[in-house]
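The structure appears right after this line, and notes come after that.
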Amino acid sequence: MEDLYIYTGSFVVIGASIGGPAVGSLIAGDRGIPILLMAIGGAGMLATGGYELLRTDPEEFTASAIVLLVLVGSACLSFLGTILSVMGSS
């Protein structure tokens, strides 16, 4: 698998894990600076992942194994945290 797809996919998962619940809170009527900043940050990470995916040549992209491992681990933890948060509030 190309490193670029792992790299950008991890950014998309992190952005969705951070921004999704924040946007849900904004729609539900919760207002606050932290929620707004999380929504903006999540959308920014989604946009960055999409931009990198469209503008970068997969053959020329390089990332060290440590960077990819940390990024994938972060994506897994943020996704797990979002799942547990949703399950805990139900």
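Report whether or not Gly20 is small (Gly, Ala, Ser), under 23 Å from Val70 (Cα atoms) and modelled with pLDDT of 95 or more. No.
Among the candidates Gly9, Gly42, the residue that is surrounded by 12 or more Cβ atoms within 10 Å (Cβ to Cβ), out of contact with any helix residue (DSSP H, G or I) (no Cβ under 7 Å at 6 or more places or on another chain) and in contact (Cβ under 8 Å) with a residue 12 or more places away in the chain is uniquely Gly9. Evaluate the following for Gly15: is it closer than 20 Å to Met87 by Cα, of a type outside the set (A, V, I, L, M), in contact with a helix residue (DSSP H, G or I) (Cβ under 8 Å, 6 or more places away or on another chain) and in contact (Cβ under 8 Å) with a residue 40 or more places away in the chain? So Gly15 does not fit the description; no.
Residue by residue, here is whether (1) part of a loop (DSSP other than H, G, I, E, B); (2) among the hydrophobic types (A, V, I, L, M, F, W, C) holds:
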{"residue": "Ile6", "(1), (2)": "no, yes"}
{"residue": "Ala16", "(1), (2)": "no, yes"}
{"residue": "Gly19", "(1), (2)": "no, no"}
{"residue": "Leu26", "(1), (2)": "no, yes"}
{"residue": "Pro34", "(1), (2)": "no, no"}
{"residue": "Gly44", "(1), (2)": "no, no"}
{"residue": "Tyr51", "(1), (2)": "no, no"}
{"residue": "Asp57", "(1), (2)": "yes, no"}
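The values are calculated or read from the model by the stated rules, or taken from the named source; none is laboratory data. For clarity, every value in this text was computed on a predicted model and none was experimentally measured. Positions of Cβ are generated from backbone atoms using ideal geometry, with glycine treated the same way; all protein chains shown enter the neighbour counts.
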